[in-house]
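Enquirer: Quick one: the structure is below, questions incoming.
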Amino acid sequence: MTSTQHSALSAQHIPNRKPLIVLVGPTAVGKSHIAIPLAQALRTEILTADSRQVYRGMDIGMDKPPLEARGGVPHRLIDVVEPDQSFNVGEYRRLALLEIARLHQEGRVPLLVGGTGLYVRTVVRGLWEGPPADWAYRHRLMDLARIEGTEALYRQLAQVDPNLAARLHPRDEVKIIRGLETYRITGRRLSDLHREHAFAEKPYSTLLIGLTRHREELYRRIDARVDEQLANGLVEETRRLLAQGYDRHLGSMKGLGYRQISGYLAGDSSYEEAVRLLKRDTRHFAKRQFTWFRKEPGIVWVQIQECESTEAVVARLISMVQRFLENPADLSGATSAQEAALMARA
């Protein structure tokens with residue numbers, strides 16, 4: 001890339017609101033492999049938007065790119081807390097805004113990358129803070145989940161806030177407890193409060209890029225990645241975490257990979273069954289991510305072809321970023337599928 005092109009990829013071209021580039025998509029679509037050379041072209045850093053990668057010591061199962069594969073690009077907002085520490089979206093947003101402000105102050109364009117839709121939404125469109133935590137009530141719910149299973153809490157949530165329950169996985173204990181807690185404290189449904197807030201803040205001039213692949217190809221990539229995680233030592237990493245005293249019922253240990261392998265190590269299933277469940281659950285997770293992002297406004301979708309090289313995809317994205325920085329309205333307003341397809345052309 002020439003020095004003129006690098007100049008075009010700088011923060012000074014956006015009037016009023018400062019620029020933010022966001023790269024989203026389902027697990028295994030290839031976000032990390034594409035984000036690293038894109039960040040190199042932007043001469044910036046990667047701000048990770050992944051609720052699983054905030055935990056230290058959980059690397060293989062959380063699919064963190066190893067240091068030697070990061071191409072010298074700093075990755076921020078990973079390895080933030082220990083596996084048994086609490087961490088929520090409000091804390092994430094506070095840290096993310098600090099990193100974004102730092103990069104803007106340095107004259108660089110921040111690149112936010114990840115698959116946790118709520119993290120991305122709160123950075124791009126604001127956050128409804130909600131009532132403070134009622135820890136006594138939370139602990140009672142957590143005890144109930146340990147005895148009767150998270151599904152028991154999910155059934156309670158479905159009774160008081162069916163709209164929120166419909167959007168959550170029955171084992172998403174953290175979000176289920178927050179929904180029940182909010183209803184108990186305020187007497188109102190969290191889904192209604194979110195709708196009223198509308199996430200209508202626009203602190204940045206944002207280019208939202210969504211990566212997608214054909215479903216069959218994505219599922220093949222998911223299976224291959226699970227096989228790679230196992231070959232890289234997922235079982236050993238899970239065994240080490242358990243030996244360090246991190247209970248398999250912790251929220252962090254209920255994540256993909258650790259939940260299935262912990263079950264195998266506890267004798268709940270065979271190794272083969274654990275692998276089958278991990279691949280199946282990862283496919284289901286990718287489907288839920290797609291569902292979330294498809295409902296988010298303003299995402300410009302980029303279809304990656306199976307035969308397309310990483311370099312070719314990155315070149316397409318660099319072209320989009322250049323056009324956006326020169327004229328934000330050219331890309332940031334794309335909402336329909338037809339508009340998105342037109343805007344994504346290099």
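Values quoted throughout were computed directly from the atomic coordinates according to the rules given, and no laboratory measurement underlies them. As the structure is a computational prediction, the values presented were derived from the model and not from experiment. Ideal geometry is used to build each Cβ from the backbone, glycine not excepted, and the neighbour counts take in all protein chains shown.
Enquirer: For ASP143 and HIS169, compute 0.36 nm times the residue count separating them, minus their Cα-Cα distance, and round to one decimal in nm.
Expert: 7.5 nm
Enquirer: If R0 is 51 Å, what FRET efficiency do you get for GLN159 and HIS33 from their C-beta distance, rounded to 0.05?
Expert: FRET efficiency, GLN159 to HIS33: 0.75.
Enquirer: Any chance you could give the angle, 0 to 90 degrees and rounded to 10, that helix 150-160 forms with the longest Cα principal axis of the chain?
Expert: The angle comes out near 70 degrees.
Enquirer: Compute the acute angle (0 to 90°) between the alpha-carbon long axis of helix 310-326 and the principal axis of greatest extent of the alpha-carbon atoms of the chain; round to the nearest 10°.
Expert: 70
Enquirer: Right, next: With all pairs of different alpha carbon atoms counted, what Kirkwood hydrodynamic radius in Å does the chain show? Walk me through the numbers on the way to the answer.
Expert: Values: mean 1/r = 0.0471 Å⁻¹.
Averaging 1/r across every pair of different Cα atoms and inverting gives 21.2 Å.
Enquirer: Please go through region 152-224 and write out the trypsin sites (Lys or Arg not before Pro) that DSSP classes as loop and that have at most 15 other C-beta atoms within 10 Å.
Expert: ARG171, ARG188
Enquirer: Along Cα→Cβ, 7 Å out, is where each label goes; now give me the distance between the ones at GLU326 and ARG94 in nm to one decimal.
Expert: So the label points at GLU326 and ARG94 sit 4.2 nm apart.
Enquirer: Still on this model: Measure nothing fancy, just the Cα-based angle from helix 31-42's long axis to the longest principal axis of the chain, in degrees from 0 to 90, nearest 10.
Expert: Compared with the principal axis, the helix lies near 30 degrees.
Enquirer: Now for a different question. Two decimals is fine: what is log10 I(q)/I(0) at q = 0.10, 0.18 Å⁻¹ for region 151-256, from a Debye sum with one equal scatterer on every Cα and no solvent?
Expert: Here the Debye-derived log intensity ratios amount to -0.53, -1.03.
Enquirer: Using a basic spin-label model with each label point 7 Å from the Cα along Cα→Cβ, how many nm lie between GLU151 and ASP192?
Expert: In this crude label model, GLU151 to ASP192 measures out at 3.0 nm.
Enquirer: Please compute the length gained on full extension between ALA69 and ALA231, using 0.36 nm multiplied by the number of residues separating them and subtracting their Cα-Cα distance.
Expert: Between ALA69 and ALA231, full extension yields 56.6 nm more.
Enquirer: Just to verify a number: FRET efficiency for ARG276 and GLU217, C-beta to C-beta distance, R0 = 22 Å, to 0.05?
Expert: 0.65
Enquirer: Give me Rg/Rg_expected for region 135-197, where Rg uses Cα atoms only and Rg_expected = 2.2 N^0.38 Å with N residues.
Expert: After normalising by residue count via 2.2 N^0.38 Å, the value is 1.03.
Enquirer: Using only Cα atoms, locate the centre of region 142-176 and the centre of region 254-317, then give the distance between them in Å, rounded to an integer.
Expert: With region 142-176 and region 254-317 each reduced to a Cα centre, they are spaced 22 Å.
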